[in-house]
Amino acid sequence: MRSWLIAIASLLTLAAVPARADDATLRKQIVGVWKLVAVDYEDQETKARTPVLGAKPRGYQIATPDGLWLALVTAETRPIPKTDEERAQALRTMISYSGRYRVEDGRVITKVEVAWNEAWVGGEQIRFIRFEGDDLLHIESPPMPHPNVGNKVVRVIVTWARGK
């Protein structure tokens, strides 16, 4: 009887652990062209979420089968810059980087070769990945100081839709 109860308890424990796809499956799922849906910054002190690039930001993410990553994100209302201050503001209303990527432990890790923020070049950008069905991808950064918000510590949560 005791071994039977242990077996049931073990099964219940396993059932309570959320299923996570293995890295090979995640790597296959992430390949493709993704259109930007939303970008939220989550303040690490207050946990408040802000759609920092507006309600309808624009952008694409491309992940190739052979490991090339490109992400470009811009705010929804970016005027054509005409002055140095407007050009500086345009830089603060975008995120872009590219390089070789790999998938490890449920994360996509990009070795940055080129970026809008020169400080990222040569380093790695690490993002947690989560899928909703086959058509929605959530990419989340760990908490980090972000240059677009005065180096305030935020978690960036980006949602993408497949090939829309």
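The values are calculated or read from the model by the stated rules, or taken from the named source; none is laboratory data. Nothing here was measured: the structure is a model prediction, and the numbers come from that model. Using ideal geometry, Cβ is built from the backbone for each residue, glycine included, and neighbour counts are taken over all protein chains shown.
Below is a table of values for the structure above.
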{"item": "Pairs with Cβ under 7 Å, 6+ apart, first in the stretch 50-77 and at pLDDT below 95, second of a type in the set (Phe, Trp, Tyr)", "result": "THR50/TYR41; VAL52/TYR41"}
{"item": "Top-ranked residue of the stretch 61-86 - restricted to ones that are surrounded by fewer than 15 Cβ atoms within 10 Å (Cβ to Cβ) and within 22 Å of the chain's Cα centre (by Cα), ranked as farthest from LEU26 (Cα to Cα)", "result": "THR77"}
{"item": "Candidates THR25, THR50, THR64 - the one that is among the hydroxyl-bearing types (Ser, Thr, Tyr) and more than 21 Å from ILE109 (Cβ to Cβ)", "result": "THR50"}
{"item": "Residue within the stretch 27-41 that is in a loop (DSSP other than H, G, I, E, B), in contact with a Lys or Arg (Cβ under 8 Å, 6 or more places away or on another chain) and among the hydroxyl-bearing types (Ser, Thr, Tyr) present", "result": "no"}
{"item": "Flag if TYR101 is touching a Ser or Thr at 6+ places or on another chain (Cβ under 6 Å), part of a strand (DSSP E or B) and hydroxyl-bearing (Ser, Thr, Tyr)", "result": "yes"}
{"item": "Pair list, Cβ < 8 Å and 6+ apart or interchain, from the stretch 19-48 residues that are at pLDDT below 90 to residues that are surrounded by 16 or more Cβ atoms within 10 Å (Cβ to Cβ) and part of a helix (DSSP H, G or I)", "result": "ALA21/GLN29"}
{"item": "Residue check, ARG49 over 25 Å from VAL121 (Cβ atoms) and within 17 Å of the chain's Cα centre (by Cα)", "result": "yes"}
{"item": "Failed item, numbered, when GLY106 is tested on (1) surrounded by fewer than 18 Cβ atoms within 10 Å (Cβ to Cβ); (2) modelled with pLDDT of 95 or more", "result": "(2)"}
{"item": "Candidate set: the stretch 112-141, residues that are of a type in the set (D, E, K, R) and either assigned to a helix (DSSP H, G or I) or closer than 22 Å to ASP22 by Cβ (or both); chosen: the one farthest from the chain's Cα centre (by Cα)", "result": "GLU118"}
